[in-house]
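S.K.: Mind looking over this structure? Questions follow.
The values are calculated or read from the model by the stated rules, or taken from the named source; none is laboratory data. Fair warning: this is a prediction, and the values are worked out from it, not measured in the lab. Please note: Cβ atoms are built from the backbone with ideal geometry, for glycine as well, and neighbour counts cover all protein chains shown. Ligands, DNA and RNA are excluded from the accessible area calculation, which covers all protein heavy atoms including side chains. Shrake-Rupley method; radii C 1.70, N 1.55, O 1.52, S 1.80 Å.
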Amino acid sequence: MADNSFSDGVPSDSVETAKNASGDAEKLTDQVMQNPQVLAALQERLDNVSHTPSSYIETLPKAVKRRINALKQLQVRCAHIEAKFYEEVHDLERKYAALYQPLFDKRREFITGDVEPTDAESEWHSENEEEEELAGDMKSKVVIAEKEAAAAEEPNPKGIPEFWFTIFRNVDMLSELVQEYDEPILKHLQDIKVKFSDPGQPMSFVLEFHFEPNDYFTNSVLTKTYKMKSEPDKADPFSFEGPEIVDCEGCTIDWKKGKNVTVKTIKKKQKHKGRGTVRTITKQVPNESFFNFFSPLKASGDGESLDEDSEFTLASDFEIGHFFRERIVPRAVLYFTGEAIEDDDNFEEGEEGEEEELEGDEEGEDEDDAEINPKV
């Protein structure tokens, strides 16, 4: 009688167990696949995979892929043309900077008190002018006389005291950099200028901080140079979005003795290994200060990458330099009064606000478009 306990060298009970397990797995799979939620999740995943741009491109014939590569070649050429466009924009900025400068020079004269503005130059119509006039008409002559007497007794300081320091205090991006011991120095700041690179020179701009004579350093001007690049990256040409700051250079501050706020002196105890005696030494270590702004990190140019903290510090430095150039210097008086800061806050709230869907007939929609976009 044949022994049926083995089949091809495998015990029959093991074969039976495997069959049962396989059957259970098939039943479980059938049950899972009948679950609508599971099916929906699988379908969504398949839809996402099948509709990604890369997966679609992979399905195209070689002849079509070849034509797409040709389009990419054209796109790279477009990026190089765009780079030339921004170079010409830089030339245009330089041209108009020369037109702005006489106005900025007069601004400095008013701030420092070297020149007193005329009545015509000082005239400004406020939004509440009509209300103020009506209120003034209702006041008695006695009150007006008292106000005139009080005005005559008011102090009349030279120029606009602490003009630039007030801007530093008003703007969060700048006030975060300023330490308490920086403040007396910044009160001597008289002007900030932007100088663009000369024609034919590599693209860059220089921030000039002009100081009156003070007890802290002998420099009359502190400078910060930002080097820019307006060309697509060879490794990633499609990432080009216009000129970018790629490096910056500061200047040497000639501190007077004992006035350098960028370092601090600390005492440290040292114990002699052999004799066991202890001595106290003093050493200077870096100190947080706005004036570290003039000793920036160097962007790595030797192929070595910066660590994450250094990259963040450098990116913040670039952002501050750009902010001085684009916002602070051109609109200084509005940052002094706080009006520019209010405008910035309102703009940010508008961007983050909820979108409102416009409804109406065809004519009404055109009117709404015109209201949203004045160019329409």
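S.K.: First select every other residue whose beta carbon is under 12 angstrom from the beta carbon of residue 233; then total the charges, Lys and Arg +1, Asp and Glu -1. Display every interim value, and only then the final one.
M.R.: Numbers: positive: 229, 234; negative: 231, 236, 241, 244.
Once positives and negatives cancel, what remains is -2.
S.K.: Probe radius 1.4 Å, ligands and nucleic acids ignored: give me the carbon and sulfur share of the accessible area of segment 176-287 as a rounded percent.
M.R.: Exposed carbon and sulfur together represent 46 percent of the surface.
S.K.: Please work out the FRET efficiency for the pair residue 116 and residue 172, using the Cβ-Cβ distance as r and a Förster radius of 30 Å; give the result to the nearest 0.05. Don't skip to the answer; put the middle values down first.
M.R.: Values: r = 33 Å, r/R0 = 1.10.
Using R0 = 30 Å, I get an efficiency of 0.35.
S.K.: Then there is this: Using a ≥ b ≥ c from the Cα gyration tensor of segment 166-263 (square roots of the eigenvalues), is it rounded, prolate or oblate, where a/c under 1.5 gives rounded and otherwise the larger of a/b and b/c decides, a/b for prolate? Kindly include the intermediate steps, with their values, before the conclusion.
M.R.: On the way: a/c = 2.54, a/b = 2.03, b/c = 1.26.
Prolate shape, in that a/c is at least 1.5 and a/b is the bigger ratio.
S.K.: Next up: Can you give me the long-range amide H partners of residue 261? Hydrogens built in the peptide plane at 1.01 Å from N, cutoff under 5 Å, separation of 5 or more residues or another chain.
M.R.: none
S.K.: Hey, with R₀ at 35 Å, roughly what FRET efficiency would residue 341 and residue 71 work out to, going by the Cβ-Cβ distance, to 0.05? Present the calculation step by step, with values, prior to reporting the outcome.
M.R.: On the way: r = 45 Å, r/R0 = 1.29.
It comes out at approximately 0.20.
S.K.: Say each of residue 310 and residue 284 gets a label point 7 Å from the Cα, pointing the same way as Cα to Cβ; how far apart are those two points in nm?
M.R.: Distance between label points: 2.3 nm.
S.K.: Now, a different point. Going by accessible area, probe 1.4 Å, with all protein chains left in place, what is the ranking of 226, 86, 100, largest first? Don't jump to the answer; show the numbers that get you there.
M.R.: Details: 226 0, 86 60, 100 125 Å².
Sorted by accessible area, descending: 100, 86, 226.
S.K.: Which entries in 106/195; 72/227; 229/298; 106/224; 227/256 show an alpha-carbon gap greater than 25 Å? Provide the component values of the computation, followed by the final result.
M.R.: Details: 106/195 17 Å; 72/227 29 Å; 229/298 16 Å; 106/224 23 Å; 227/256 30 Å.
Where the Cα-Cα span goes over 25 Å, the pairs concerned are 72/227; 227/256.
S.K.: Taking a label point 7 Å from the Cα of residue 160 along the Cα→Cβ vector, which residues of segment 317-332 have an amide N closer than 20 Å to it?
M.R.: 323-332
S.K.: Right, another one. What's the FRET efficiency of residue 92 with residue 238 using the Cβ-Cβ distance as r and R₀ = 22 Å, to the nearest 0.05? Intermediate results must be reported in sequence, preceding the final value.
M.R.: Details: r = 26 Å, r/R0 = 1.18.
The calculated FRET efficiency here is 0.25.
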